[in-house]
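The values are calculated or read from the model by the stated rules, or taken from the named source; none is laboratory data. Here the structure is a predicted model, which is why all the values come from computation and not from measurement. Neighbour counts are summed over all protein chains in view; Cβ atoms, including those assigned to glycine, are modelled from backbone coordinates with ideal geometry. For the accessible areas, the whole protein counts, side chains as well, though only heavy atoms, and no ligand, DNA or RNA atoms are used. Shrake-Rupley method; radii C 1.70, N 1.55, O 1.52, S 1.80 Å.
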Amino acid sequence: QLVTINTATSGAITFNDDSVALSGSSSDVAAALDGTTYTGAVTLTDDPSLAQLVTINTATSGAITLNDSTIALSGTASDLVTGLDGLTGFSGAVTLTDDPSLAQLVTINTATSGAIT
């Protein structure tokens, strides 16, 4: 229902309780939370694209649980920093498609135990 509401409006969505945990596919959760402010935990039941992870991570301050913490992610340093922010136990490989700043590289390296290329 939240996906339908969020895609049908350009106005702000106010949650009665924004700390309720959400679980669902990456596409549904990203569509539901896009442009919102949410504090609840999120569990993804499939593997997100980096764009979906950025949308979800930007919208929630709650914990994000990935379906598979070893998925490979590829994208710009800025998107990887935003997408990986706050994830714990991520061990997937990361491929940078641009040149990161030193601060971005440190953040990405801290966020994954996987290889960075």
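Brief remarks on what is shown
- Within region 22-44, the set of residues being open to solvent by 70 Å² or more (accessible area, probe 1.4 Å) and at pLDDT below 90 comprises 34, 35, 37.
- Yes/no for residue 47 being closer than 22 Å to residue 80 by Cβ, modelled with pLDDT of 90 or more and charged (D, E, K, R): yes
- Within region 67-94, considering residues that are hydroxyl-bearing (Ser, Thr, Tyr) and surrounded by 14 or more Cβ atoms within 10 Å (Cβ to Cβ), the one nearest to residue 49 (Cα to Cα): 74
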